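Read the figures in this text as sums done on the coordinates, not as results from a lab. The model shown is predicted, which means the values in this text are computed figures rather than measured ones. A quick note on method: Cβ atoms are made from the backbone with ideal geometry, for glycine too, and the neighbour counts reach across all protein chains shown.
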Amino acid sequence: MTEFRLSAARPGSGIRTTLRNARIVGSDGTPVDIEIEDARISTIRPAHVSPAQGEPVDLAGRWVLPGLWDHHVHFSQVALASRRLDLASSSSAASVVELVRAHSARSSAEPGDILVGTGFRDALWPDSPDLAALDRASEGRPVVLIGADLHCVWLNGAALERFGHAGHPTGMLREEDAFAVSKALDTDDALVDAWAREAAGVAAARGVVGIGDFEMAWNLDAWKRRTAAGATSLRVRFGIYPADLDRALAQRLSTGQIVPHTHGLVEVGALKVITDGSLNTRSAYCDDDYDGLTGRPDARGVLTVPTDELVFLMRRAMTGGLSSAIHAIGDRANTLALDAFAATGAAGSIEHAQLLRDDDIARFAELGVIASVQPEHAMDDRDAAEQLWPGRTRRAFPLRSLLDAGATLRLGSDAPVAPLDPWIAISAAVGRSRENRAPWHPEQSITVSEALAAATRTPHERVAARRLADLAIVDADPLASTADQLRRMPVAATVLNGRFTHSVL
Ligand SMILES: [Zn+2]
C-alpha cells in the first residue's frame, strides 16, 4: 500500500477549531477537546481544562472516529443513478416492464429521448425477458435498462436499433456489449459534474471522506474539473482502465501521487482490470459449472482477460509505478488473479473476491494483496449465491477467514450497485444479515472494530495528535451498536482536512 502524501495539509489555511466534549471511539469514553489547526489535529486534552482555540464546536458527548472511505464506487454512475428510473423493487421481467409502462404513461419526454432505468436483478427472475412486451410498454421511446451489477443491459427494439444490435432476440446484452451501451449513454460533462457534486455531499452526510472511484472512464480529467468547480467534500483515489494505461504512463501517473490543483484531494489509484463477470449474470468465472449451463462454453462463467494478458498489463503498469486492482468474483478468476500477482510481484488489490478456494485465502496475506470486498453484495445476493453456487457458499464472502489469515481488508459498496454508505457495508460485514433474516454464514462475521478499520483510508487511522483531521462524528458508540443500529448510524458531522463537509450539529 502506498503512503499518503500530505500535500493536503496546506499550511496557513487558517482553520482553527476545537471540537469540545468529544468521545473518541475505542477510548474509555472520557470526554476530550480535540483541537484542529489547519488540516491536522494539534492536541487532544481532557474536556474543558483550557479555553478553546479558534471556533469551538460542542459535540455534547458525541463519538468521533477517523473519516470513512468507500473503497469501490463508480461515481459518475452514482450521480446518474439518482436521476434514473429505479428498478430495484422489481422481481421479474414482467414487473420491470410494468415499471417502464407506468413511467412512460406519466412521462413528458420527447419520443427520441432515451428512458434509462437501473437496478434490476435478473438472476432469479421466474420469467424470460420479453422484448415485445417491453416495446409495447415504452410507446416507441428507446429504453435502456441497466442491471444492478452493471454487467447486463436490457434494451427495447428502438434502443437495439440505435446501439447497433437490431434483430437481437431478447434485447438482453451482457458484459462488453452492455458496458459499451452504458458508456454511450454518458450525459453531458457539466450536468454529470453538477450531479456528482450533489452525490459527494450525500456521501459526506454518511461520514465519508474518501472514495476509490472505479468509474469506467478517464477519471483524471473528470476530477480535476470537479474539484476546480468546487466539489471538495471527498478525497478521490481514481482507477485507470487498460484502454488508458498508455496515456497514464505517458503522463507519468503513479499510484499515490496527488494530482496538482485539486486542493490535494485527488490521488492516482491503480490500474483496474476486470477479469470476469458477475454472480447475477452467471459470468463470474468459477471452478464449477453454473446450474443449468452445463455443456455450454460459458458453463463456468467467462474469463474476460486471459492470465498472460493480465500479467502483461500488470507488468506494464509496474514500469510506471502503478499498482493493480483486479476485479475477480468467481473462485477460478481469483486463483488466476492471485497467480498474476505472484508472477509479477505487483502491489494492489483484488476487487470483490466473492468466492474463494480454501487454499487461496492465505495467499492474499502471503502476496500482500488487499481483499477489497463489498459486504452488502452478500445481503443482496445470498439467495442467488445459494442457487448459483450451491454447496459452495461457505466460501462466499469469507471475510473472517481472510482476516484470520492475515489479509488486509477494504470495504466498499460498488455504488450504485449497493448504496454509497459505509455504515451499510459495516453492518453487513458484522451482522451478515438484513431485514431480520437469519445471519448468512455468521461464522464469517467480523467485529465492528475490524470493519471500521477496513472502512477507513488505511487500517491504521487514529484520532490522535498530528494526524490529519479527517473525521466522522456520530451520535452513538459504534463499538456498542448492534448490526441494525450500525446500518442506520446517525452521522452528526464530517470533517475533511479540518473543515466541515457536513454538519447537523
Ligand atoms: Zn465495480
Checklist outcome for this item: So, for the Cα atoms of region 101-188, Rg and Dmax in Å stand at 12.2, 37
Checklist outcome for this item: Fewest-first ordering of S349, S372 by Cβ atoms within 10 Å yields S372, S349
Checklist entry - Could you put R395, R247, R225 in order, starting from the residue whose Cβ has the fewest other Cβ atoms within 10 Å? => result R247, R225, R395
Item to check | Residues with amide H under 5 Å from that of R457, placed H, sequence gap 5 or more | outcome: W69
Item to check | J(HN,Hα) series, region 147-156, from Karplus relation 6.51 cos²θ - 1.76 cosθ + 1.60, nearest Hz, glycine and proline x | outcome: x, 4, 8, 6, 8, 8, 9, 10, 10, 8
Item to check | Within the chain, longest stretch clear of exposed GluC sites (Glu not before Pro) (DSSP loop, no more than 16 other Cβ within 10 Å) | outcome: 140-434
Next on the checklist: How long are the semi-axes of the equivalent ellipsoid of the chain, taking √(5λ) for every eigenvalue λ of the Cα gyration tensor, in whole Å from largest down?
Outcome noted: 38, 26, 23
Checklist entry - Compactness ratio of region 35-158: Cα Rg over 2.2 N^0.38 Å, N = residue count? => result 1.77
Checklist outcome for this item: Expected vector for region 235-246, Karplus 3J(HN,Hα) from phi with 6.51, -1.76, 1.60 and θ = phi - 60°, integer Hz, x for Gly and Pro, equals 7, 9, 10, 9, x, 10, 8, x, 4, 10, 4, 4
Checklist outcome for this item: Fewest-first ordering of S95, S481 by Cβ atoms within 10 Å yields S95, S481
Item to check | Semi-axis lengths (Å, descending) of the ellipsoid that matches the C-alpha gyration tensor of region 238-376 | outcome: 29, 15, 14
Checklist entry - Any idea how far the Cα center of region 85-107 sits from the one of region 339-362, in Å? => result 39
Next on the checklist: With every atom except the alpha carbons ignored, what do you get for Rg and Dmax of region 120-238, in angstroms?
Outcome noted: 17.4, 48
Checklist entry - Where the eigenvalues come from the Cα gyration tensor of region 333-455, what are the semi-axes √(5λ) of the equivalent ellipsoid, largest first, in whole Å? => result 23, 16, 13
Item to check | Percentage relative contact order, the chain, counting C-alpha pairs under 8 Å, at least six apart | outcome: 18
Item to check | Rg and Dmax of region 175-283, Cα atoms only, in Å | outcome: 14.7, 43
Next on the checklist: Once each part is reduced to its C-alpha centroid, what is the distance from region 396-474 to region 122-173 in angstrom?
Outcome noted: 36
